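Before any comments, here is the structure.
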Amino acid sequence: MSTFCTVCNGMDVLSAVCPHCGSGSASDCGRVNDYFGPYSPYRPIEEISMTNGYPDVTRSECLHMLYCEACGASSVLAVSESCT
C-alpha cells in the first residue's frame, strides 16, 4: 500500500503551535529530508527516509521542519500520511 503526505501535495496547509514558546506562528519550512544535503530534495523520498534516523517509515509519517518567528526555534513535526 502506498502513502503520501497531504501537506507536501498541497491538499492541506500545516498550521502548528511552537513547542518551545507556545506561539501559533510556527511556519512549515518543508520536509526534514530536504535538509540532509544539497541533493536531498532530488533523491527518492523512500531512500532518504530509510536512513534519516527517524521512525517515519514504520509510522507512515512525513517529517516537516517548523520555524517559529516569535522565538526563532526550529522543531520537527510528524504529519500522518494518507493511503492511496
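The values are calculated or read from the model by the stated rules, or taken from the named source; none is laboratory data. If you're wondering where the values come from, they're calculated on a predicted model, not measured in any experiment. Please note: Cβ atoms are built from the backbone with ideal geometry, for glycine as well, and neighbour counts cover all protein chains shown. We work out accessible area using only protein heavy atoms, side chains counted, and drop any ligands, DNA or RNA first. Shrake-Rupley method; radii C 1.70, N 1.55, O 1.52, S 1.80 Å.
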**OP:** Provide the per residue accessible area, probe 1.4 Å, for the chain, rounded to a whole number of square angstrom.
**Re:** 63
Original post:
Relative contact order for the chain using alpha-carbon pairs under 8 Å, separation at least 6, rounded to a whole percent?
Top reply: 37
Original post:
On the accessible surface of the chain, probed at 1.4 Å, how many percent belong to carbon and sulfur atoms?
Top reply: 54
Subject >> Net charge dipole size for segment 23-72 [Lys, Arg +1 and Asp, Glu -1 on Cβ; Debye, nearest 20] >> reply: 60
**OP:** Could you check the simple spin-label distance between Ser60 and Phe4, using points 7 Å along Cα→Cβ, in nm with one decimal?
**Re:** 1.5
**OP:** Return the Cα extents of the chain along principal axes one, two and three, sorted largest first, each rounded to a whole Å.
**Re:** 37, 28, 21
Subject >> About the Cα centre, charge dipole magnitude for the chain (Lys/Arg +1, Asp/Glu -1 at Cβ), debye >> reply: 80
Subject >> Distance (nanometres) between label positions extended 7 Å along Cα→Cβ at Ala70 and Met50 >> reply: 4.1
Original post:
How far apart, in nm, are the 7 Å Cα→Cβ label points at Ser40 and Ser27?
Top reply: 1.9
